[in-house]
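Below is one structure; the comments refer to it alone.
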Amino acid sequence: MDTDRKILIVDDDPIIIVELSSTLKDLGDIYVATSGESAIATAKDIVPDIILLDIGLPDIDGFNVLTEISNNERLRHINVIIVTAHGEFDNHLKSLSIGAVDFISKPVNRQLLEKKICSILINRTHITNTVKIKSQTQLEQLNNQFMNLLSMLTEAVIITDTQGQIKLANDYSKSLFGYKELSDKNINLIIPAEQLTHQNRVDELTDQKDFTPIFRHMDLIKHNGQVIDVEVGISLHKNEMGYLFLYVIRDRFEKKLTQARLLKAALYDPLTGAYSREALEVDLDKTYGKKSNKACYVGCLLDVDRFNELNAVYGHSHCNKLLRDITNELRKLLEKLPLRLYRVGGDLFIIKSIQPIEKVNYAATKEAIQHAFSMLLKNVSQQLEHKLSISGVMSFFSTDILKSGAMLPMLEDAIKSCKLKGNSGELIFVENTNYSRTIKVAELAQSMLSGLNYDTLSVVFQPKVNAANEVDSAEALLRWHSTNPSPLNLLDFIGVAESTGVIINIGYFVLDQVCDMLNAIRQSQPNFDKKISVNLSIRQLADPTLVDTFNAICQRHAVPCKQIIFEITESVMAENIKVLTTVIHDLKTAGFGIAIDDFGTGQSNLSYISQLHLDELKIDKSFIDQITSEDGQYPIVDTVINMAKAMKLTVVAEGVESLSQANYLRAKSCDLIQGFYFYKPMPRDEWLKLMTDDS
């Protein structure tokens, strides 16, 4: 790196700054400014050789920065290259008119930029050395620099006098029109006189001293007779020699090639090569005009499960390869089907039919995607050091749904619902997706974040009975009373509360209500010791103030901690055992009880049950539902009860709805039974009355 060279990058996009810095780091010292004001200040301080300047800056735009630099005696010699996404022709012409030496559109071609910078730096070195050796005048230096820079431009630049005589033409203009030399020829050789009406108004224009630049599309003829489609910008300037016309001519075919390259960059995901989210939007636009009452489009969303964890464990390089492998496998599996693959997020993929699908072909399309999904898991998992899990949802959508832009949010909402129901790692076909429900979920999330209305919440209590049919304890359950008609239910409410983090405060609300109820009973029954179970979520368990806050709530209501049992679902406990060990130990130390809920539905593991010193185990309702007869054989239920007894845990069967289920469980020595057969969840007043009557 030549440390005598200084390159100033002016851009407010950190990604662009990193890319440009990486490309040019070996060419000189890199300096960075993220605003127009700081760019001017830095330039005055270091006087760089080259400035790469973005037009769109947060305070003043790049044109103002360029004007300030051009008007500064110390800075006007600096080579300024405009690097911007705003590649319109008038911006280009304006940049050159103000003082820029070149104009490069984003995304930047690194190789081209590096060569241009090298050429400028070499030219500057050459000029400096020539000055030292031959003592050239400043005018000669600027002239040589100007000529060299003109030769680098990819537009034809021609300067004429007011009569049209060409005083200067860069190399590109000669190449574009096929002439070996253009100097001293008339501009009419290139542009027909009828297109140059401004030349007939020279006296009028020079008197006005305000010539509005002209921009036109023209068909011009090359030396060999070929017609080319160009954009021509014409502006009037004055120097010590008089008035001059500046022509900047751009080949529209080259422009179209550039636009095509930009479009390709936008429509294809750079990591995987799959179509991008922007491409999906373009394709959806194309379907608007296609109407069919008998056909729909298939849409399928795939989501790599626990992708953040994979990133943390295996690293970004591994996971980037995983995404590429998924893309390649899906391409192979779908290549003969009228389906298109898009990557619409970090680990999210969309499969969409290219054409409408008639109802008679629905089943075949579903089976084809299901087969591709199964083969994807099998093939990619074989290439990895770990088993791959992908969740997916699929449905059919009418043209109207696609036109509204609702397909993707509907699929995202559907996959969230499936995961909440425990259907991770599967591809689920959703018969009816509900866009209004998606909107309601979004509205509910915003409402929660703005401030939860606790008047819409209440706590009910479902008793647990012992072998003598006596109420032994109860579970506290949250209820949500929507103020407006809504398709959402309690599970939706809890899911939104989990995703927004509001569930933490809701958990404190539930415990506060439970302790307030217990305090009310203990006013008349000081020895009341029935325990109340309260559910905990993973978001609550991650709260560092959890144990202290629970302690404070119990103390405020004068309720012993031992009367509260916190229930944690087996899946949460098993998947987060290392994280939860400390917090569960702290809860136990404080005197709270711990129960494992929904046992048998997750990753059942005796080791973590014994290491956490649990108090209670609840058999999931799905196993209880299998009990249809007192005389039947239900080995899973028997095994769970025997295992819990051996570990000295209290066994609770939830979801008991029939006498035969209750009798079977009692015969197997199940400690407590909870379900509609005995009691439904009841409001606080009804629960208090039940406790008063029992006493």
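The values are calculated or read from the model by the stated rules, or taken from the named source; none is laboratory data. Bear in mind the structure is a predicted one, so any value in this text is a computation, not a measurement. For neighbour counting, all protein chains shown are included, and Cβ atoms are generated from backbone atoms with ideal geometry for every residue, glycine included. To get the accessible areas, we keep the full protein, side chains included, count just its heavy atoms, and leave off ligands, DNA and RNA. Shrake-Rupley method; radii C 1.70, N 1.55, O 1.52, S 1.80 Å.
Quick one: is residue 496 among the aliphatic types (A, V, I, L, M), in a helix (DSSP H, G or I) and surrounded by 21 or more Cβ atoms within 10 Å (Cβ to Cβ)? Against the criterion (among the aliphatic types (A, V, I, L, M), in a helix (DSSP H, G or I) and surrounded by 21 or more Cβ atoms within 10 Å (Cβ to Cβ)), residue 496 qualifies.
If I filter the range 503-511 for residues that are among the aromatic types (Phe, Trp, Tyr), within 30 Å of residue 412 (Cβ to Cβ), assigned to a strand (DSSP E or B) and open to solvent by 10 Å² or more (accessible area, probe 1.4 Å), do I get at least one hit? Let's see the steps before the verdict.
If we filter the range 503-511 for residues that are among the aromatic types (Phe, Trp, Tyr), which is where we start, we get 508-509.
Filter once more, keeping what is within 30 Å of residue 412 (Cβ to Cβ): 508-509.
Add one more test, that the residue is assigned to a strand (DSSP E or B), and what stays is none.
Within the range 503-511 (the criterion being among the aromatic types (Phe, Trp, Tyr), within 30 Å of residue 412 (Cβ to Cβ), assigned to a strand (DSSP E or B) and open to solvent by 10 Å² or more (accessible area, probe 1.4 Å)), the answer is no, since none of the residues qualifies.
Mind telling me which of the residues 20, 27, 52 ends up being in a loop (DSSP other than H, G, I, E, B), out of contact with any Ser or Thr (no Cβ under 9 Å at 6 or more places or on another chain), among the aliphatic types (A, V, I, L, M) and under 21 Å from residue 121 (Cβ atoms)?
27
Within the range 66-99, count every residue that is out of contact with any Asp or Glu (no Cβ under 7 Å at 6 or more places or on another chain), open to solvent by 10 Å² or more (accessible area, probe 1.4 Å) and either farther than 14 Å from residue 47 by Cβ or not polar (S, T, N, Q) (or both). Result for the range 66-99: 19.
Kindly establish whether residue 468 is under 28 Å from residue 619 (Cβ atoms), surrounded by 16 or more Cβ atoms within 10 Å (Cβ to Cβ) and hydrophobic (A, V, I, L, M, F, W, C). It would help to see each step written out before you state the result.
Values: under 28 Å from residue 619 (Cβ atoms): yes; surrounded by 16 or more Cβ atoms within 10 Å (Cβ to Cβ): no; hydrophobic (A, V, I, L, M, F, W, C): yes.
No: the conditions fail for residue 468.
Whenever a residue of the range 267-283 is closer than 16 Å to residue 325 by Cα, its partners that are surrounded by fewer than 16 Cβ atoms within 10 Å (Cβ to Cβ), lying with C-beta atoms within less than 7 angstrom and at least six residues away or across chains, give the pairs 271/320; 271/324; 272/324. Of 615, 638, all but one fail to be over 27 Å from residue 460 (Cβ atoms), open to solvent by 20 Å² or more (accessible area, probe 1.4 Å) and either touching a strand residue (DSSP E or B) at 6+ places or on another chain (Cβ under 6 Å) or not hydrophobic (A, V, I, L, M, F, W, C) (or both); the exception is 638.
Restricting to the range 250-291, give me the number of residues that are polar (S, T, N, Q) and either at pLDDT below 70 or exposed (fewer than 13 other Cβ atoms within 10 Å of the Cβ) (or both). Residues meeting the conditions: 3.
Identify all residues within the range 321-361 that are outside any helix (DSSP H, G or I), among the hydrophobic types (A, V, I, L, M, F, W, C) and over 20 Å from residue 371 (Cβ atoms); write none if there are none. 344, 348 - these are the residues of the range 321-361 that are outside any helix (DSSP H, G or I), among the hydrophobic types (A, V, I, L, M, F, W, C) and over 20 Å from residue 371 (Cβ atoms).
Scanning the range 292-343 for residues that are acidic (Asp, Glu) and loosely packed, with under 14 Cβ neighbours inside 10 Å, we see that the one that is nearest to residue 389 (Cα to Cα) is 309. Would you mind stating whether residue 135 is modelled with pLDDT under 80, more than 20 Å from residue 243 (Cα to Cα), within 54 Å of the chain's Cα centre (by Cα) and open to solvent by 50 Å² or more (accessible area, probe 1.4 Å)? For residue 135, the condition - modelled with pLDDT under 80, more than 20 Å from residue 243 (Cα to Cα), within 54 Å of the chain's Cα centre (by Cα) and open to solvent by 50 Å² or more (accessible area, probe 1.4 Å) - is not met. For the range 357-373, the candidate set comprises residues that are touching a strand residue (DSSP E or B) at 6+ places or on another chain (Cβ under 8 Å) and open to solvent by 40 Å² or more (accessible area, probe 1.4 Å); within that set, the residue that is modelled with the lowest pLDDT is 359. Somewhere in the range 529-543, is a residue under 20 Å from residue 472 (Cα atoms), open to solvent by less than 10 Å² (accessible area, probe 1.4 Å) and in a helix (DSSP H, G or I)? Within the range 529-543, none of the residues are under 20 Å from residue 472 (Cα atoms), open to solvent by less than 10 Å² (accessible area, probe 1.4 Å) and in a helix (DSSP H, G or I).
Here is a yes/no grid of residues against (1) assigned to a loop (DSSP other than H, G, I, E, B); (2) modelled with pLDDT of 80 or more; (3) surrounded by 15 or more Cβ atoms within 10 Å (Cβ to Cβ):
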| residue | (1), (2), (3) |
| --- | --- |
| 174 | no, yes, yes |
| 198 | no, no, yes |
| 205 | no, no, yes |
| 223 | yes, yes, no |
| 229 | no, yes, no |
| 244 | no, yes, yes |
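Look at the range 543-559: where a residue is within 16 Å of residue 589 (Cβ to Cβ) and a partner is open to solvent by 40 Å² or more (accessible area, probe 1.4 Å), sitting 6+ places away or on another chain with Cβ atoms under 6 Å, you get 547/586. Scanning the range 23-46 for residues that are of a type in the set (Val, Ile, Thr), touching a residue at least 24 places away in the same chain (Cβ under 8 Å) and open to solvent by 50 Å² or more (accessible area, probe 1.4 Å) returns 32, 34.
Against the list (1) at pLDDT below 85; (2) of a type in the set (A, V, I, L, M, F, W, C); (3) touching a Leu at 6+ places or on another chain (Cβ under 7 Å), the condition residue 89 fails is (3).
Being modelled with pLDDT of 80 or more and open to solvent by less than 60 Å² (accessible area, probe 1.4 Å) holds for only one residue in 422, 392, and it is 392.
Residues that are part of a helix (DSSP H, G or I) and crowded, with 16+ Cβ neighbours inside 10 Å within the range 100-113 comprise just one, 113. Only one of the numbered conditions (1) free of Cβ contacts under 8 Å to residues at least 40 places away in the same chain; (2) over 20 Å from residue 274 (Cα atoms) is not met by residue 395, and that is (1). Hey, can you tell me all the residues within the range 655-670 that are of a type outside the set (Gly, Ala, Ser) and either surrounded by 20 or more Cβ atoms within 10 Å (Cβ to Cβ) or over 49 Å from the mean Cα position of the chain (by Cα) (or both)? Within the range 655-670, 656, 659, 661, 663, 664, 665, 666, 668, 670 meet the criteria. Screening the range 613-695 for helices (runs of 4 or more DSSP H) wholly inside it with 3 or more residues that are among the acidic types (Asp, Glu) and modelled with pLDDT under 95 returns the ranges 684-694. Residues considered: 477, 491. Of these, the only one that is in contact (Cβ under 8 Å) with a residue 60 or more places away in the chain, surrounded by fewer than 15 Cβ atoms within 10 Å (Cβ to Cβ) and under 26 Å from residue 417 (Cα atoms) is 491.
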